[in-house]
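The values are calculated or read from the model by the stated rules, or taken from the named source; none is laboratory data. None of these values were measured; they are calculated from a predicted model. Positions of Cβ are backbone-derived with ideal geometry, glycine not excepted, and every protein chain shown enters the neighbour counts. What goes into the accessible areas is simple: the full protein's heavy atoms, side chains included, and nothing from ligands, DNA or RNA. Shrake-Rupley method; radii C 1.70, N 1.55, O 1.52, S 1.80 Å.
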Amino acid sequence: MRATRPTTGFAYTDGRGMFVAREERVEHGARIRGERVVRVDACVIGTGAGGGPVAKELAERGMRVAMLEEGEHFTAGGFSTRPRDMLPALYRDAGQTVTVGNLSISLPLGQTVGGTTLVNSGTCFRTPEAVLSLWRERFGLEALTLGELDPYFRRVEREVNVAQVPPELAGNNAHVIKRGAEALGWSGDFIYRNAKGCVGSGVCVFGCPTNAKQHTGITYVPKAWHAGATTYSGVRARRVVVEGGRAKGVEAETAGGGRLRVQCDTVIVACGALHTPLLLRRSGLGTASGQLGENLAIHPATAVRALFDEEINMAHGVPQSFYVDEFADEGIMFEGAAGPPDYLASTFPFSGERHRDLMLRFRNLAQFGVMVSDISRGSVSERAGRLRIRYDLGNEDLESFRRGIELMAELYWAAGAKRVYLPVDGANELRSPDDRPLADIDLRPSKLALMAFHPLGTARADADAQRGVVDSDLRLHGVEGVYVADASVVPSSLGVNPQITIMALATRLAYHLLEESPPTHEPEPESIATPRIRTAHAVAV
Ligand SMILES: Cc1cc2nc3c(=O)[nH]c(=O)nc-3n(C[C@H](O)[C@H](O)[C@H](O)COP(=O)(O)OP(=O)(O)OC[C@H]3O[C@@H](n4cnc5c(N)ncnc54)[C@H](O)[C@@H]3O)c2cc1C
Ligand code: SF4
């Protein structure tokens, strides 16, 4: 019988820190000025949710692995936790990545050893069965059943210590939402997160100062070093080299102005959904189906704020610690979105005196997120060496936002709010539950203040080479030895946060490359999150 892994109480707060490797095997690209050639068995490009797990699993089974990472290697000692320092250090383009289209949506990405997992909120959900069922039906991904993925979910969740946030660390922002949801009879729960020894310092997206958040840069990557793999940081892959239909290596440029040539027969591309298509296209790979760079889903999101008489103090507690899934079946998920005052100040929909007044009442403000499992699809391309993200929010998703924002307002009133602030131009403030400004407004996408954190689908998996970029084992159609293991293979919106899906698919890829049977010995979690998603909301295109 398999053992059981604790997931509540001490499972979240017990223990601390990172895996300490025998040797920190990081070669800094800034120090590589000329040409360097390395010969390995596998080259993994990117060290985030996809790249970290593959590199670790392959290295631990004796493969010689090189990890290329455009970002730098950071340790917790260097995290000031101040947004103004950390945004430029840890995020690509200081977090200023945006979409163009019928509105502009901020779409920040991490760029470090650990990828976006170093700056994410740590929320962990498995891929919902309804979504896997859609993938089987629409994309022919017959192998991807819950039963097939279960050992990989269990392995990932043990590696990164997925456990439920205890109520005492969740912060008042979560507790007022819980109170409102209970008053309305709506379903919700404390979130499961990849953390160990979390103290609720509230700055997850600016670098966890205590190494509590178990991002890949302190879990999978050091385990890969321990097994002999090397990370080349500050190194940008320019081209995957394929000859005669077989992978031969990777060419990269270094921060020091040099070149790194990696010779190998196996290349795993894990640059994330915005950059993987660019690298494949530059390499002349993956273009046959016409899907490369297309099919971009982003889970667009917004935040609704409210003023309470009681103290909330969003600077304390786990920022994303509670979710409300009552409407998840409609593609609307509510998740916590607290944070320190200097960050939230930049996101409030007011200026001048009104902004100042609100910030003076920061301790009484609550903020919660509305995330939509989008039907709209965008695309990514490269123009003059720059990433271009095209995304138009369609009418169905717009209506989901209208409904989601109204429902959040209802929840706040039920929780005892005195004012509710909407992220909608021209309808910012509600003074009583009778105010229903969105009912009559001519709501257009450009009136919404949206952000997104989950780009997916730009090198989608599809069993049919005419319709997708990789097959169900994440092998690039038509090429031997090139694989994709990141958010870009996820073929539709998930309705839940994606890191566990990406890590599980990447781990499964490693097992296939190693020709090993699934890790069925992994302990069963005592409990897992079970969001109410009975039908996949996102329609495949
Ligand atoms: C603020 C924020 C909060 C989030 N919160 C959550 C959450 O709570 N739960 C959740 O599930 N998800 C969350 N996400 C999303 C989640 O972190 C991502 O979906 C996930 O990390 C994507 O994994 P990936 O491997 O596709 O890409 P990444 O993790 O982004 O890794 C890609 C890596 O590749 C590197 N790279 C790119 N191009 C090259 C190149 N040419 N050469 C070398 N290296 C390259 C990048 O620098 C990066 O480090 C959040 C995201 C953000 C921005
Ligand atoms: S709340 Fe603080 S201690 Fe906990 S994971 Fe986030 S940054 Fe780390």
Picked from the range 189-204 (must be outside any loop (DSSP other than H, G, I, E, B) and more than 8 Å from ligand 2 (Cβ to nearest atom)), the residue most open to solvent (accessible area, probe 1.4 Å) is Asp189
So for the range 212-224 (the condition being free of Cβ contacts under 8 Å to residues at least 24 places away in the same chain and either in contact with a helix residue (DSSP H, G or I) (Cβ under 6 Å, 6 or more places away or on another chain) or farther than 27 Å from Arg82 by Cα (or both)), does at least one residue qualify? no
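Quick check on the range 119-130: of everything there that is more than 8 Å from ligand 1 (Cβ to nearest atom) and either surrounded by fewer than 24 Cβ atoms within 10 Å (Cβ to Cβ) or not basic (Lys, Arg) (or both), which residue is farthest from Val162 (Cα to Cα)? Before you say what the answer is, go through the steps one by one.
Of all residues in the range 119-130, those more than 8 Å from ligand 1 (Cβ to nearest atom) come to 126-130.
Those still in the list that are either surrounded by fewer than 24 Cβ atoms within 10 Å (Cβ to Cβ) or not basic (Lys, Arg) (or both) too: 127-130.
Numbers: Thr127: 14, Pro128: 17, Glu129: 19, Ala130: 22 Å.
Restricting to residues being more than 8 Å from ligand 1 (Cβ to nearest atom) and either surrounded by fewer than 24 Cβ atoms within 10 Å (Cβ to Cβ) or not basic (Lys, Arg) (or both), the top hit is Ala130.
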Going through the range 429-461 in order, the residues found to be open to solvent by less than 30 Å² (accessible area, probe 1.4 Å) and among the small types (Gly, Ala, Ser) are Ala452, Gly457, Ala459, Ala461
- Consider Ser133 carefully, then state whether it is small (Gly, Ala, Ser), under 21 Å from Ala449 (Cβ atoms) and either surrounded by fewer than 24 Cβ atoms within 10 Å (Cβ to Cβ) or more than 16 Å from ligand 2 (Cβ to nearest atom) (or both). no
From the option list Leu141, Leu107, single residue qualifying as in contact with a helix residue (DSSP H, G or I) (Cβ under 7 Å, 6 or more places away or on another chain) and of a type in the set (A, V, I, L, M, F, W, C) is Leu141
Over the range 252-277, the set of residues surrounded by 18 or more Cβ atoms within 10 Å (Cβ to Cβ) and either over 16 Å from Val235 (Cα atoms) or polar (S, T, N, Q) (or both) is Thr254, Cys264, Thr266, Ala273, Leu274, Thr276, Pro277
Contact list, first residue from the range 228-243 and over 20 Å from Pro53 (Cα atoms), second anywhere and basic (Lys, Arg) and at pLDDT 95 or above, beta-carbon distance below 7 Å, six or more apart or interchain, is Arg238/Arg282; Arg239/Arg282; Val241/Lys248; Val242/Lys248
Thr145 passes all but one of the listed conditions (1) in contact (Cβ under 8 Å) with a residue 60 or more places away in the chain; (2) away from ligand 2 (no atom under 16 Å from the Cβ); (3) in contact with a Lys or Arg (Cβ under 9 Å, 6 or more places away or on another chain); the exception is number (1)
Taking the range 406-447 and keeping residues within 14 Å of Ile332 (Cβ to Cβ) and in contact with a strand residue (DSSP E or B) (Cβ under 6 Å, 6 or more places away or on another chain) leaves Met408, Ala409
Within the range 394-428, residues farther than 20 Å from Ser373 by Cα and open to solvent by 50 Å² or more (accessible area, probe 1.4 Å) come out as Glu410, Lys418, Arg419, Asp425, Gly426
